[in-house]
Amino acid sequence: MITGLHHTGLAVHDLDAAIAFYSVEQAFRLVSRFEVANTAENRALLQVENAAAQAALLIGTLGGLELFEFAAGRAADSPDRAVYAAGIRHICLQTAISDHLYDSMVTAGAGTHARPSGLGTGNSYVYIRDPEDNLIELEGTPWAPQAARRPWFAHTALVTPDIARLAQFYAQLTGSAVLRQGSFGPDNKFDVVAGIADVRFKGAWLRLANAELEFWEYDHPRTTLVERRNAVAPGWNHLCFESDDIDADHSRLLGLGVELHTPPHLVGSARVFFGRDPDGNIFEVLQPGPEARMTIATMLAEAEGHAVDAARIAFRAAVAG
């Protein structure tokens with residue numbers, strides 16, 4: 001069974017610089033650095049010709065990042081990273097309503113086209129670009145608990161040419177129902193956040209224990225198709241879901257006809273396998289080893305993670321009531 005969204009993967013040109021950027025305001029903290037060897041097993045796991053990489057695992061409140069500097073990355077074609085391009089498009093960090101995280105990340109080298117603004121929901125929103133042009137959403141919330149002294153991970157977003165198909169795929173993969181969906185725009189408030197004139201799009205959300213998956217299909221500009229994801233190419237390159245029974249999840253996904261790269265393999269103390277969603281995006285399923293410092297359970301039990309989770313549950317209950 002899938003227990004949550006363990007981390008989002010990002011291929012970068014400069015690992016040290018990426019670690020430094022994503023550590024701004026303690027958004028993420030380094031757990032480990034490791035080397036990925038160019039072995040036949042690793043090439044099969046990732047479906048790449050050269051798997052050699054330096055990598056790092058970072059933990060944040062309620063979610064993690066896995067950063068890769070692939071030896072073959074600089075020679076790989078860079079995928080389209082427009083807001084409306086299909087693929088794993090951004091991660092979202094939440095805080096209390098404040099421009100503090102935005103200002104800190106811009107000072108650290110992030111690109112921006114606007115300052116945080118509202119959409120009439122009570123939250124504030126802004127899209128920024130990290131120093132390698134990867135999209136990040138910063139969202140201010142009115143329900144942020146006082147105990148939350150760091151930003152927290154809220155969701156990973158995927159853009160797709162077929163939102164119904166992709167949302168249903170991840171509902172099957174995770175065993176979680178699509179929570180809500182809707183159509184948005186035209187409205188200048190959305191134009192300001194997206195940095196696009198007359199933007200119109202459909203959205204859907206799927207909630208896991210620690211975070212959400214967000215899906216977008218753009219009607220204007222029309223979502224652009226991208227080639228099947230190459231793991232070594234720069235940019236957001238995979239989603240990782242934690243499992244409490246990886247063999248059962250592997251068998252279940254095979255039975256559903258999902259494309260999987262390999263059977264589960266032991267990587268360090270964890271067991272993992274990778275596969276593809278219907279758009280060609282890469283996902284990973286991971287069952288942590290018994291000594292793992294980063295699991296969905298530990299993230300939810302950590303003091304700030306627990307405080308955020310309790311505050312958002314209370315907020316959702318109040319809205320629903």
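The values are calculated or read from the model by the stated rules, or taken from the named source; none is laboratory data. Note that this is a predicted model, so its numbers are computed, not measured. As a convention, Cβ positions derive from the backbone with ideal geometry for all residues, glycine included, and neighbour counts pool all protein chains shown.
Quick check: anything in region 107-121 out of contact with any Lys or Arg (no Cβ under 9 Å at 6 or more places or on another chain), part of a helix (DSSP H, G or I) and not acidic (D, E)? Within region 107-121 (the criterion being out of contact with any Lys or Arg (no Cβ under 9 Å at 6 or more places or on another chain), part of a helix (DSSP H, G or I) and not acidic (D, E)), the answer is yes, since at least one residue qualifies. With respect to the conditions (1) of a type outside the set (D, E); (2) at pLDDT 95 or above; (3) under 23 Å from E212 (Cα atoms); (4) outside any strand (DSSP E or B), L286 falls short on a single one, namely (4). When region 20-58 is filtered for residues that are outside any strand (DSSP E or B) and either touching a Lys or Arg at 6+ places or on another chain (Cβ under 8 Å) or among the hydroxyl-bearing types (S, T, Y) (or both), the ones remaining, listed by number, are Y22, S23, E25, Q26, A27, T39, E49, N50, A51. The one condition from (1) modelled with pLDDT under 95; (2) in contact with a helix residue (DSSP H, G or I) (Cβ under 8 Å, 6 or more places away or on another chain) that A204 does not meet is (1). Of the residues that make up region 290-305, is at least one on the phi > 0 side of the Ramachandran plot and at pLDDT 95 or above? No; the residues of region 290-305 include none that is on the phi > 0 side of the Ramachandran plot and at pLDDT 95 or above. Here region 122-165 is the region considered, the condition is being touching a Pro at 6+ places or on another chain (Cβ under 6 Å) and not in a strand (DSSP E or B), and the residue that is nearest to P221 (Cα to Cα) is R165.
Answer yes if at least one residue in region 299-317 is touching a strand residue (DSSP E or B) at 6+ places or on another chain (Cβ under 6 Å), surrounded by 13 or more Cβ atoms within 10 Å (Cβ to Cβ) and under 29 Å from R229 (Cβ atoms), and no otherwise. Checked against the condition, which is being touching a strand residue (DSSP E or B) at 6+ places or on another chain (Cβ under 6 Å), surrounded by 13 or more Cβ atoms within 10 Å (Cβ to Cβ) and under 29 Å from R229 (Cβ atoms), region 299-317 yields no hits at all. Out of curiosity, is G64 touching a His at 6+ places or on another chain (Cβ under 8 Å), part of a strand (DSSP E or B) and surrounded by 20 or more Cβ atoms within 10 Å (Cβ to Cβ)? So G64 passes the test. Within region 177-217, being of a type in the set (V, I, T) and either in a loop (DSSP other than H, G, I, E, B) or surrounded by fewer than 18 Cβ atoms within 10 Å (Cβ to Cβ) (or both) holds for V178, I196, V199.
With the requirement that a residue be at positive phi and in a strand (DSSP E or B), what does region 239-269 give you? It would help to see each step written out before you state the result.
If we filter region 239-269 for residues that are at positive phi, which is where we start, we get 257, 268.
Correct list: empty.
Of all residues being touching a strand residue (DSSP E or B) at 6+ places or on another chain (Cβ under 6 Å) and in a strand (DSSP E or B) in region 218-229, which is surrounded by the most Cβ atoms within 10 Å (Cβ to Cβ)? Just the residue, please. For region 218-229, the residue satisfying everything is Y218.
Scanning region 1-46 for residues that are surrounded by 21 or more Cβ atoms within 10 Å (Cβ to Cβ) and among the acidic types (D, E) yields a total of 0. Screening V83 on (1) under 18 Å from D279 (Cα atoms); (2) in contact with a helix residue (DSSP H, G or I) (Cβ under 7 Å, 6 or more places away or on another chain); (3) assigned to a strand (DSSP E or B); (4) not aromatic (F, W, Y) shows it passes everything except condition (3).
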